[in-house]
Amino acid sequence: MLQSYEKAYEIASKLIDLMDYIESDIKKAEAYHMMAILCLRRNMDDFGVYEQKAYELYENDLVHKSQAIYNYAVVMFSLGIRDKAISYVSKALECYPKDNKELLVNFMLMNISKLIENGVLDKAQSICDETLDFAINLDNIVFIEKAYYYKALILEKEGNLYSAEMYMNLSLDAMLKFANNSQIYRRYMEMGDMYHRMGNVPEAIKYLNFAIQLEKKM
């Protein structure tokens, strides 16, 4: 967390000597996973070795394995290894088990967020459409709101301002059914900023005023 990767590697490498004393395969896999991430960070060739060892120990635990693949993608994005990061996102989503749709949708939303953050909009869009369908079928208002929100962000970044506005308002309508005042306040502020970027001053002022009025109640 402190980004002291050399020191972290020095400490983590000692885990390898303790493997015989670790009973849980998942804990062993997590140790190899940590080493793989640190090798990526330090630009070391051993990444592939530790990556495969972690996969072997995860075996049929596809949830942990998918999360590990996603974590590698996050590091790759941060290092500018964009194409490989995108392929790892695809691999993570393919690997994730499909039997529990709520867990799947949550994982898909996390991947969409990372893709949007890194400007991979086409892929984020296609995953978001599928996620929204799942969320609607689940009738989960929290998932529906988040999918609408991400869709609005994607559309705005693509320059489709009319559709972005529509989905942002759908997201807000959903959010008002479950969110607390702090969450709604932040969304009002965000919508004010969105309308400001669009050059729609009256709407920007309206939502910023909503935020000010709500702040007085917090």
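The values are calculated or read from the model by the stated rules, or taken from the named source; none is laboratory data. Everything numeric here is computed off the predicted structure, so don't read it as measured data. Here Cβ is always computed from backbone atoms with ideal geometry, including for glycine, and neighbour counts include all displayed protein chains. Surface areas here come from the heavy atoms of the whole protein model, side chains and all, with no ligands, DNA or RNA. Shrake-Rupley method; radii C 1.70, N 1.55, O 1.52, S 1.80 Å.
Before moving on, here are some points about what is shown:
- On Cα atoms only, tilt of 62-78 relative to the major axis of the chain in degrees: 80
- Among 1-10, 197-206, 96-105, 129-138, the peptide with the highest mean count of other Cβ atoms within 10 Å heads the list, and the full ranking is 129-138, 96-105, 197-206, 1-10.
- Nonpolar atom fraction for the chain, defined as the carbon and sulfur part of the 1.4 Å probe accessible area, stands at 51 percent.
- Whole-number accessible area per residue in Å² for segment 1-97, which is evaluated in the context of all protein chains at 1.4 Å: 59
- Using alpha carbons only: equivalent-ellipsoid semi-axes of segment 157-218, gyration tensor based, whole Å: 20, 14, 7
- Here the peptides 52-60, 28-36 are ranked by packing, the mean other Cβ count within 10 Å, and the order with the highest first is 28-36, 52-60.
- Once the C-beta distance of D17 and E56 is scaled by a Förster radius of 30 Å, the resulting FRET efficiency is 0.95 to the nearest 0.05.
- Ordering V89, Q52, M19 by Cα displacement along the dipole of segment 1-97 toward the positive end leaves V89 in first place; charges were set at the Cβ atoms of Lys, Arg (+1) and Asp, Glu (-1).
- Here K65 is the anchor, and the aspartates and glutamates within straight C-alpha reach of less than 15 Å, apart from those fewer than 8 places off in the same chain, are D25, E30, E51, E56, E94.
- When only alpha carbons of the chain are considered, Rg and Dmax amount to 20.8, 66 Å.
- Given +1 at the Cβ of Lys and Arg, -1 at the Cβ of Asp and Glu and no other charges, the dipole of the chain around its Cα centre is 700 debye to the nearest 20.
- Taking a straight line from the alpha carbon of K217, not one of the aspartates and glutamates sits under 13 Å away once near neighbours fewer than eight places off in the same chain are left out.
- Rolling a 1.4 Å probe across the protein heavy atoms gives segment 98-176 an accessible surface of 47 Å² per residue.
- The share of Cα pairs per 5 Å bin across segment 1-97, counted from zero up to the longest distance, runs 2, 14, 23, 25, 19, 12, 4, 0 percent.
- Cross-link partners of K216 among aspartates and glutamates (Cα-Cα below 17 Å; sequence separation of 8 or more within a chain): none
- Given K146/K206; K84/K123; K27/K114, the pairs whose alpha carbons are separated by over 18 Å: K146/K206; K27/K114
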